[in-house]
Amino acid sequence: MTSPDSDTAGGPWTSDRGTAGSTYMFGYDPAGAHAAKDFQIGHFNDGQTADDTFLTGGSAELAAGSMFANYLAFNGKSNLIETYLPRVFTTADLDLILKFT
């Protein structure tokens, strides 16, 4: 991810192909598979770019936060999301981004 205006909070973040970036996160538990509601946070629009209308689509910070929230959920520590990411996500936001149950 890059930003032409990286020294200003809220600057636009893009990939090497405009807003068509994506991030991958894999989780493995040798004890077995975790139940998951879904396997993707956000989506691409018809132009095959990240859909900026989705919560994390236009924000590298929120995308990273959503991955960290899922990391906590994967490890059974969802109760710590507000501790480490205070006032970042609402309950409705978490319903959209958390994939592990």
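General observations
- Single condition ASN79 does not satisfy, out of (1) of a type outside the set (Val, Ile, Thr); (2) part of a helix (DSSP H, G or I); (3) in contact (Cβ under 8 Å) with a residue 24 or more places away in the chain: (3)
- None of ALA69, ALA50, ALA36, ALA64 is modelled with pLDDT under 95 and either crowded, with 16+ Cβ neighbours inside 10 Å or touching a Leu at 6+ places or on another chain (Cβ under 6 Å) (or both) except ALA50.
- Within the stretch 43-91, the residues that satisfy the criterion of being of a type in the set (Ser, Thr, Tyr) and touching a Ser or Thr at 6+ places or on another chain (Cβ under 9 Å) are THR49, THR56, SER66.
- Tallying residues that are surrounded by fewer than 13 Cβ atoms within 10 Å (Cβ to Cβ) and among the polar types (S, T, N, Q) within the stretch 72-91 yields 4.
The values are calculated or read from the model by the stated rules, or taken from the named source; none is laboratory data. Note that the structure is a prediction, hence the values are computed from the model and not measured. Heads up, the Cβs are rebuilt from the backbone with ideal geometry, glycines too, and the neighbour counts pull from every protein chain shown.
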